[in-house]
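Encoded as structure tokens, the structure appears first; notes follow it.
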Amino acid sequence: MSDLKTPKKIVEELRRRGVKYVRTLYVDLDSVIRGRVSPIDVFEEDVEHGLTLAEVMQSAFTLTDVLVPTSIYDPVGEVRLIPDINTIGIATWAPGHAMVIGEQYKADGTPFEVDPRPKLRSILNKVKYQIFVGYEPEFYLFKRIDGKLETFDRHLCFATTGMNAFSEFLSKLQEALRTMNIEIAHYYPEYGPGQHEISLKPYDPVKASDALIMTREAVRGIAQNMGLIASFMPKPSETLPGSGLHIHVSLWRDDTNIFYSDTDKYHLSDEAYWFIGGILKHIDALLAFTAPTVNSYKRLLPRRWASAYACWGPENREAAIRIPLPPKGRKSEAIHLEIKFADNTIQPYLAIGSIIAAGIKGIEQKIEPTEPCLVDPAMLSDEEREKRGWYRYPENLLDALRALQRDTFFKEVWGDILIEEYIKLKVHQWYSYHNHVSDWEREKLLEVF
């Protein structure tokens, strides 16, 4: 629909399709998808002038709807939320509604300093490569029985029983995403009962991140209509496998895959090695972006196929960066990197922008990575891993945030204000969690001490 180009023509097409309302969405720094709804009659005006939004909403409003008291933003100050008509799509699960992603701008027309989406576009404009990103979100479907949550189905990993159970949902999801020009590459029932995974077609980093947001919205909306609950939570239960977000990245120039080499043992070019080196150099800080909730680290454990160590490896699903096995006869176009230390709680523009910036810096500085990891790193001793340069990366959000505070590189990428506000927001989350006395503590400690 975005190929209609002008807001007027888009509105005419939306009306023809029965749309009465348009949701202008944004993703705050805690990765909550928020927005405002306008009648279709005023959408053209929204595109031209934007919608008013309090400054605090982007970086100081937490996922628990509490304001971070240390933020530089307060009740005074507003920005304009401008819809990007290139992202317009019909919300098929909500009759009469369409959705569009917005960007935030200050009164003087400059991008709001804590909105990563326009900054990501600026970062990409300075890169001499064409970058493709493919996201693979995993999620659970639950149903509520007698007030308790149960998994939607009880399939085995990749089992056809799961495909059968999910078939109606998949059809609805594909229909919804196609109205937004988003294509599903593959689907499969995942390891956990009620857990499913969608592979999205690769796009440029901004569109890929837009597609991820729209997919999250579509999955939850369709589930709600079917009387189900969809959750992208990294670790919804200690008894269930975690849900991750595999991020596939490749660099191209003049229709040539920059990561491919026909002379290397693993078919990787120098640029690919240096890109890996840049990510591994900054991985401790990157985790603050790719695993940005307290719950994220309950999934990133050894021997869980989610990665727990700073290392890379061909076909190694325990490595932080995996080189997938390319299809037969397609090595030159298919070689790419899979980033495994991520989940669906990311702020996608911020996370992918940080990954790309670290990788590009690796190319610029010709940073060599550690030797490839061809085993499960958890099977080695600390001494053996240390010899190879592999180590256990941060095991909780607070340690990742402290690494981000030490790594000044990301302030150069995003600016001091965004990084400082992000750290305040996430530290607030950490202490809200850390200061909470859990049922486990009461059960194990109350009568013992």
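The values are calculated or read from the model by the stated rules, or taken from the named source; none is laboratory data. Fair warning: this is a prediction, and the values are worked out from it, not measured in the lab. Every residue, glycine as well, gets a Cβ built from its backbone with ideal geometry; the counts of neighbours run over all protein chains shown.
Regarding the range 425-433, can at least one residue be identified that is aliphatic (A, V, I, L, M), outside the structural domain of Ala291 (by TED's automatic domain parsing), modelled with pLDDT of 95 or more and crowded, with 16+ Cβ neighbours inside 10 Å?
Scanning the range 425-433 turns up at least one residue that is aliphatic (A, V, I, L, M), outside the structural domain of Ala291 (by TED's automatic domain parsing), modelled with pLDDT of 95 or more and crowded, with 16+ Cβ neighbours inside 10 Å.
Of all residues in the range 48-65, count the ones that are out of contact with any Leu (no Cβ under 7 Å at 6 or more places or on another chain) and in contact (Cβ under 8 Å) with a residue 40 or more places away in the chain.
Filtering the range 48-65 for residues out of contact with any Leu (no Cβ under 7 Å at 6 or more places or on another chain) gives 48-49, 52, 54-55, 57, 63-65.
With in contact (Cβ under 8 Å) with a residue 40 or more places away in the chain added as a condition, the list becomes 48, 55, 63-64.
Residues that pass the stated criteria total 4.
Say we look at the range 255-307 and pick out the residues that are more than 20 Å from Gly242 (Cα to Cα) and among the aromatic types (Phe, Trp, Tyr); which of these is surrounded by the most Cβ atoms within 10 Å (Cβ to Cβ)?
Residues of the range 255-307 more than 20 Å from Gly242 (Cα to Cα): 255-285.
Next cut, among the aromatic types (Phe, Trp, Tyr) only: 259-260, 266, 273-275.
Working: Phe259: 25, Tyr260: 22, Tyr266: 14, Tyr273: 22, Trp274: 21, Phe275: 30.
Out of the qualifying residues, it is Phe275.
Residue check: is Arg216 farther than 27 Å from Ile335 by Cα and free of Cβ contacts under 8 Å to residues at least 24 places away in the same chain?
Working: farther than 27 Å from Ile335 by Cα: yes; free of Cβ contacts under 8 Å to residues at least 24 places away in the same chain: no.
Taking the combined requirement at face value, the residue does not satisfy it.
Would you check if Gly18 is assigned to a loop (DSSP other than H, G, I, E, B) and either touching a Lys or Arg at 6+ places or on another chain (Cβ under 9 Å) or at pLDDT 95 or above (or both)?
Working: assigned to a loop (DSSP other than H, G, I, E, B): yes; either touching a Lys or Arg at 6+ places or on another chain (Cβ under 9 Å) or at pLDDT 95 or above (or both): yes.
Criteria met by Gly18.
Taking His155 and the conditions (1) surrounded by 17 or more Cβ atoms within 10 Å (Cβ to Cβ); (2) free of Cβ contacts under 8 Å to residues at least 40 places away in the same chain; (3) touching a Leu at 6+ places or on another chain (Cβ under 7 Å), which numbered condition does it fall short on, given that it satisfies the others?
Looking at each condition in turn, His155 falls short on (3).
Looking only at the range 25-37, decide whether some residue is over 24 Å from Pro292 (Cβ atoms), of a type outside the set (Val, Ile, Thr) and modelled with pLDDT of 95 or more. Can you show your working first?
Of the residues in the range 25-37, the ones over 24 Å from Pro292 (Cβ atoms) are 36-37.
Checking the rest, the ones that are also of a type outside the set (Val, Ile, Thr) come to 36.
Add one more test, that the residue is modelled with pLDDT of 95 or more, and what stays is 36.
Among the residues of the range 25-37, at least one is over 24 Å from Pro292 (Cβ atoms), of a type outside the set (Val, Ile, Thr) and modelled with pLDDT of 95 or more, which makes the answer yes.
Under the condition of being more than 14 Å from Asp115 (Cβ to Cβ) and at pLDDT 95 or above, which residue from the range 70-81 is surrounded by the fewest Cβ atoms within 10 Å (Cβ to Cβ)? It would help to see each step written out before you state the result.
Step one: filter the range 70-81 for residues more than 14 Å from Asp115 (Cβ to Cβ), giving 70-72, 74-76.
Subsequent filtering for residues that are at pLDDT 95 or above retains 70-72, 76.
On the way: Thr70: 13, Ser71: 19, Ile72: 15, Val76: 8.
Step by step, filter the range 70-81, then rank; the result is Val76.
Filter the range 199-229 for residues that are buried (at least 22 other Cβ atoms within 10 Å of the Cβ) and part of a strand (DSSP E or B) and give the result.
Leu200
Among the hydrophobic types (A, V, I, L, M, F, W, C), modelled with pLDDT of 95 or more and under 22 Å from Pro302 (Cα atoms): which single residue out of Trp414, Trp390 fits that description? Give the derivation first.
Numbers: Trp414 fails: under 22 Å from Pro302 (Cα atoms).
Only one candidate passes the filter, namely Trp390.
How many residues does the range 37-59 hold that are part of a strand (DSSP E or B) and surrounded by 16 or more Cβ atoms within 10 Å (Cβ to Cβ)? Full working, then the answer.
Of the range 37-59, the ones part of a strand (DSSP E or B) are 37-39, 51-54.
Restricting the remaining residues to those that are surrounded by 16 or more Cβ atoms within 10 Å (Cβ to Cβ) gives 38, 51, 53.
Residues that pass the stated criteria total 3.
Please give the number of the condition Ala185 fails out of (1) out of contact with any Phe, Trp or Tyr (no Cβ under 6 Å at 6 or more places or on another chain); (2) buried (at least 20 other Cβ atoms within 10 Å of the Cβ); (3) closer than 30 Å to Gln130 by Cβ; (4) among the aliphatic types (A, V, I, L, M).
The number of the failed condition is (2).
Under the condition of being touching a Phe, Trp or Tyr at 6+ places or on another chain (Cβ under 7 Å) and either among the hydrophobic types (A, V, I, L, M, F, W, C) or outside the structural domain of Phe259 (by TED's automatic domain parsing) (or both), which residue from the range 356-397 is surrounded by the fewest Cβ atoms within 10 Å (Cβ to Cβ)?
Across the range 356-397, the extreme among qualifying residues is Ile367.
Just to confirm my filter: which helices (runs of 4 or more DSSP H) fall fully inside the range 233-342 and include at least 1 residues that are within 16 Å of Pro372 (Cβ to Cβ) and not assigned by TED's automatic domain parsing to the domain that holds Thr64? Don't jump to the end; show me each part of the working.
Numbers: elements: 270-281, 283-290, 331-334.
Fully inside the range 233-342 and qualifying: 270-281, 283-290.
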